[in-house]
1. Determine whether region 50-65 contains at least one residue that is open to solvent by 20 Å² or more (accessible area, probe 1.4 Å), charged (D, E, K, R) and under 13 Å from the mean Cα position of the chain (by Cα).
2. Please work out if ALA43 is in contact with a helix residue (DSSP H, G or I) (Cβ under 7 Å, 6 or more places away or on another chain) and small (Gly, Ala, Ser).
3. For the structure I just gave you, tell me whether ASP68 is surrounded by 15 or more Cβ atoms within 10 Å (Cβ to Cβ), of a type outside the set (Gly, Ala, Ser), closer than 17 Å to SER34 by Cβ and under 15 Å from the mean Cα position of the chain (by Cα).
4. Is at least one residue of region 28-46 over 22 Å from LEU136 (Cα atoms), at pLDDT 95 or above and surrounded by fewer than 22 Cβ atoms within 10 Å (Cβ to Cβ)?
5. Counting only residues that are part of a helix (DSSP H, G or I) and charged (D, E, K, R), which one in region 76-91 is nearest to VAL22 (Cα to Cα)?
6. Please state which one of ARG46, ARG139 is part of a loop (DSSP other than H, G, I, E, B), within 18 Å of ILE20 (Cβ to Cβ) and in contact with a strand residue (DSSP E or B) (Cβ under 8 Å, 6 or more places away or on another chain).
7. Given the criterion modelled with pLDDT of 95 or more and either outside any helix (DSSP H, G or I) or farther than 17 Å from VAL44 by Cβ (or both), identify the matching residue among VAL70, VAL66.
8. If I filter region 92-132 down to residues being in contact with a Cys (Cβ under 9 Å, 6 or more places away or on another chain) and either aliphatic (A, V, I, L, M) or part of a helix (DSSP H, G or I) (or both), which single residue comes out as most open to solvent (accessible area, probe 1.4 Å)?
Amino acid sequence: MIPLLKKSPTPPTAPRPLEILVADDVDEIVELISRWLQTEGHAVTRASGGKQVIECVRDRSFDLLVTDIVMPEGDGWDAILAVGRLRPDMRILAISGGGKQMPVEACLRVARGVGADRVLKKPFNQAEFLAVVNQLAAR
């Protein structure tokens, strides 16, 4: 009997390409997430902190914000609150690995409380991340 090869699960493709703003103070994380999103056909703009997110959304419209919570140049909570005021139709995915002062679960709970549509705990893999992005894209 020949064993069957199992195919790796592939994340579902988003319904349409999105304009996505990705914010994290760790360049490697922004680069990795950007690559994942661009592979799916999305356009990506990068930000290194909450202040830069606010500047970007004042100037331009995005479909989705992916933001870390703990960042030195304006945290993700500030960015989420500003986006809620400036672009109430923009979807928000908060990501976090926690910080020195707050465990990850608390960071993400607060993020949801201030307006994030979805939250995702770091570390996550490509399939997990893209599944959440695609759920938000379908809304």
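The values are calculated or read from the model by the stated rules, or taken from the named source; none is laboratory data. Values in this document were obtained by computation on a predicted structure and should not be read as measured data. Because the Cβ atoms are built from the backbone with ideal geometry, glycine has one as well, and the counts that use them run over all protein chains shown. Quick note on the areas: whole protein, heavy atoms, side chains included, nothing else; ligands and nucleic acids left out. Shrake-Rupley method; radii C 1.70, N 1.55, O 1.52, S 1.80 Å.
1. Taking region 50-65 as the starting set, the residues that turn out to be open to solvent by 20 Å² or more (accessible area, probe 1.4 Å) are 51-52, 54-56, 58-61, 63.
From what's left, charged (D, E, K, R): 51, 55, 58-60, 63.
Then keep just the ones that are under 13 Å from the mean Cα position of the chain (by Cα); that gives 63.
Yes, the conditions are met somewhere in region 50-65.
2. Details: in contact with a helix residue (DSSP H, G or I) (Cβ under 7 Å, 6 or more places away or on another chain): no; small (Gly, Ala, Ser): yes.
It is false that ALA43 is in contact with a helix residue (DSSP H, G or I) (Cβ under 7 Å, 6 or more places away or on another chain) and small (Gly, Ala, Ser).
3. On the way: surrounded by 15 or more Cβ atoms within 10 Å (Cβ to Cβ): yes; of a type outside the set (Gly, Ala, Ser): yes; closer than 17 Å to SER34 by Cβ: yes; under 15 Å from the mean Cα position of the chain (by Cα): yes.
It is true that ASP68 is surrounded by 15 or more Cβ atoms within 10 Å (Cβ to Cβ), of a type outside the set (Gly, Ala, Ser), closer than 17 Å to SER34 by Cβ and under 15 Å from the mean Cα position of the chain (by Cα).
4. Applying the first criterion (over 22 Å from LEU136 (Cα atoms)) to region 28-46 yields 28.
Now narrow it down to the ones that are at pLDDT 95 or above: 28.
With surrounded by fewer than 22 Cβ atoms within 10 Å (Cβ to Cβ) added as a condition, the list becomes 28.
Yes, region 28-46 has at least one match.
5. Narrowing region 76-91 to residues part of a helix (DSSP H, G or I): 76-86.
Restricting the remaining residues to those that are charged (D, E, K, R) gives 78, 85.
Working: ASP78: 15, ARG85: 18 Å.
Selected residue: ASP78.
6. After applying the criteria, what remains is ARG139.
7. Values: VAL70 fails: modelled with pLDDT of 95 or more.
Result: VAL66 is the single residue among VAL70, VAL66 that is modelled with pLDDT of 95 or more and either outside any helix (DSSP H, G or I) or farther than 17 Å from VAL44 by Cβ (or both).
8. Among those residues, the one meeting the criterion is VAL119.
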